[in-house]
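Scroll down for the structure; my scribbles are underneath it.
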Amino acid sequence: MGFSLSQGGQNFIKLNELSMTSIPPGSQYLTPYLDPCKCQYDVGWGHALPANNIGGTITPAQAQAYFNQDTESALSTLDSTVHVPLNQNQVAACVDYIYTTGPGGWIKSGIPAALNAGDINGAANLMKASSIGCGLSNSRRYREAALLTGSADLTPGGQVVEQ
């Protein structure tokens with residue numbers, strides 16, 4: 001379909017990633033940090049680092065390059081699995097989901113099949129039922145679902161506003 005991610009969608013993912021850590025927005029994300037599940041080290045906005053190469057501090061440009069790489073990968077997964085039109089809020093919701101689960105988690109979720117069948121509410125319910133894991137709040141999944149169904153809108157700054 002050739003989906004693209006808006007600036008609001010990019011900011012939505014960045015805000016979600018930083019909200020899952022104890023890192024104050026705009027500060028220590030340039031230094032590797034243990035992800036919330038304590039299973040890997042991340043840097044930037046949730047970019048997973050190889051276990052054998054944690055590395056050191058990165059530049060803001062490197063953080064943005066990692067983010068671009070990760071969102072392009074998520075967009076590629078969305079393009080290859082969803083064959084119906086989506087609006088920008090729906091793209092942001094799906095890319096954010098894929099960003100955290102990876103392609104395998106996305107496909108296993110059943111969300112692409114529901115979207116392709118035209119069942120937006122069913123896809124949203126699958127999002128809400130999906131756990132982020134590690135005892136973390138599922139509020140991120142509820143924000144994604146609200147964007148998917150149109151019960152919320154996304155601001156350019158990445159904030160979700162209920163309709």
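Just a few scattered comments:
- On Cα atoms only, tilt of 60-81 relative to the major axis of the chain in degrees: 30
- Among GLY55, GLY150, GLY46: highest mean-square fluctuation, GNM of the chain, C-alpha pairs under 10 Å: GLY55
- Computed from Cα atoms, the angle from the helix 7-19 axis to the main principal axis of the chain rounds to 60 degrees.
- For the chain, the dipole from Cβ point charges (+1 on Lys and Arg, -1 on Asp and Glu) about the Cα centre works out to 280 debye, to the nearest 20.
- Long-range amide H partners of LEU86 with built H, under 5 Å: none
- Proximal charge balance of HIS47 [Cβ under 12 Å; K/R count +1, D/E count -1]: -3
- Tensor-based shape of the stretch 28-155 (alpha-carbon gyration tensor, a/c under 1.5 rounded, otherwise prolate or oblate): prolate
- Whole-Hz ³J(HN,Hα) from phi, Karplus 6.51 cos²θ - 1.76 cosθ + 1.60, for the stretch 93-103, glycine and proline x: 4, 5, 5, 4, 4, 5, 4, 8, 9, x, x
- Residue-averaged [θ]222 nm for the chain, counting only DSSP H segments that reach four residues, each worth -39500 (n - 2.57): -16500 deg cm²/dmol
- Neighbourhood charge, 14 Å Cβ-Cβ cut-off, centred on ALA63 and excluding it, Lys, Arg +1 and Asp, Glu -1: -2
Laboratory data are not the source of any read-out in this text; all were calculated from the coordinates shown. Because the structure is predicted, anything quoted here is derived from the model rather than measured. Cβ: placed from backbone, ideal geometry, glycine included. Neighbour counts: every protein chain shown.
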